[in-house]
1. Taking the chain as the reference, fit the longest principal axis to its C-alpha atoms, fit the long axis of helix 363-380 to the helix C-alpha atoms, and give the angle between the two in degrees, 0 to 90, nearest 10.
2. Pop a pseudo-label 7 angstrom from the Cα along the beta-carbon direction at both Leu83 and Arg163 and give the gap in nm to one decimal.
3. Is the shape of the stretch 61-159 best called rounded, prolate or oblate, per the rule: a/c under 1.5 gives rounded, else a/b larger than b/c gives prolate, else oblate, with a ≥ b ≥ c the square roots of the Cα gyration tensor eigenvalues?
4. Between Arg275 and His380, what is the label-point separation in nm under the 7 Å Cα-to-beta-carbon projection?
5. Between the stretch 120-149 and the stretch 220-235, what's the alpha-carbon centroid distance in Å?
6. Treating the beta-carbon of each Lys and Arg as +1 and of each Asp and Glu as -1, no other charges, what is the dipole magnitude of the stretch 212-380 about its Cα centre, to the nearest 20 debye?
7. Can you check what the net charge comes to around Ser181, using other residues whose Cβ is under 12 Å from the Cβ of Ser181 (Lys, Arg +1; Asp, Glu -1)?
8. For the stretch 212-380, what does the convex hull of the Cα positions come to per residue, in cubic angstrom?
Amino acid sequence: MKILFVSLAVPIPTTNGHRMRDRGIVAALAAAGHEITLLSYAKPEECRAPSPELFKYCSEVHVVEEPVPSSRFWQYWDRLECLVSGQPYGAYRLRTEEMQFAVRDLLRTGGFDVILCDDIYMAGNLPNDSLPPIWLNKHDITHEIVDRFLQLERNPLKRMYGRIEYRRIRRMEVGACSSASIVFACSERDQAIVEQLCPGTKVCMLPNVIDVDSYTPAAEDDGRTTLYVGSMDWFPNSDAVEFYLQEIFPVVRQTVPDARFVVAGRNPSTALVDRYSGMPGVEFTGTVADIRPIIAKAAVCVVPLRIGSGTRLKILEAGAMTKAVVSTTIGAEGLDLDNGKEILIADNPIKFADAVCDMLKQPSERRAIGVAARYKVEQHYSLAALGRAITAVTDTATAA
């Protein structure tokens, strides 16, 4: 098949979980013999020099410079405009004339069999008629993220605005999923949610995966470092770090006085760094070129997420390097990992801290959990697993 992939970001360089999922899907489609034209938002430097590696998977690559985030004042103004327009803010920001024109131009000349649309906000850039079948790539349940934010938010104005956004995003998400020929969910849990929201919609599970062979199991660790991996300009990640530093790490230090906490991810806010970098044992790395050496040194990887949806590739990366992971239920959501054998799950801060301390004090136990996690990732969350799922989906679509 000839596929037009309308993407939120270029899959390469693969700098976050969103890009990792897209890269895996593009690679699996190419390996199955499909021809892919990529049309994507990109950063200015990516527009000037798209990665040559993209052409390993795509016959053509077209990029549009990503919308520049407004200053804080203008973001507030844009959000006020959205209240009047009826659009969710994300859809408003990511729907641009440049992207719409590029989509129409390629559709006019490309002869595509299908459009692969990168989640709901990119759907606003598609024309309203005369389209090939649409496959909707769902990274998460978008409205669920807002709902979980609202459960924690105490500011009444933010809560009022958030409730409006929640309703609009949910309505948009249901509409986009219902209009798609196929929805690609990243977990069985997300698949069940979409099927319940949109009866009659065909939903297939394409798991988030990693290239397991590129992650070498770590034979040793430093015995004291707990590690969180994630882009700090994504609010659920910064919230997870604050939750750990405020309610969990001080308890860990009482039992393991030399314990460390390393936050590895780009763009931590100045306020976050200033607030916590003075705490004993705390380090913010900022952007790192390769996360694997940092994971290799860690004794325990922690995922204290309270907001989010979809599945966490950071857990798969840690498992592939035989690291024990302690996570909240939301952090581990959607992944088929056995609590107590392949991961430890705790939501209460004290119980979370106890699990971390147990792992720090018991190297043989954390090693056993890491080895079991690596085996599960190899079996269910590898490129081969995604390839099998892609083949089943495309074979069904072609036969239909």
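1. Roughly 10 degrees, rounded to the nearest 10.
2. 1.4 nm
3. Note, shape of the stretch 61-159 comes out prolate.
4. 3.5 nm
5. 31 Å
6. Dipole about the Cα centre, nearest 20: 180 debye.
7. So the surrounding residues net to 0.
8. Here the figure is 96 Å³ per residue.
Coordinate-derived values only; no laboratory data. Everything numeric here is computed off the predicted structure, so don't read it as measured data. Glycine also receives a Cβ, built like all others from the backbone with ideal geometry; neighbour counts cover every protein chain displayed.
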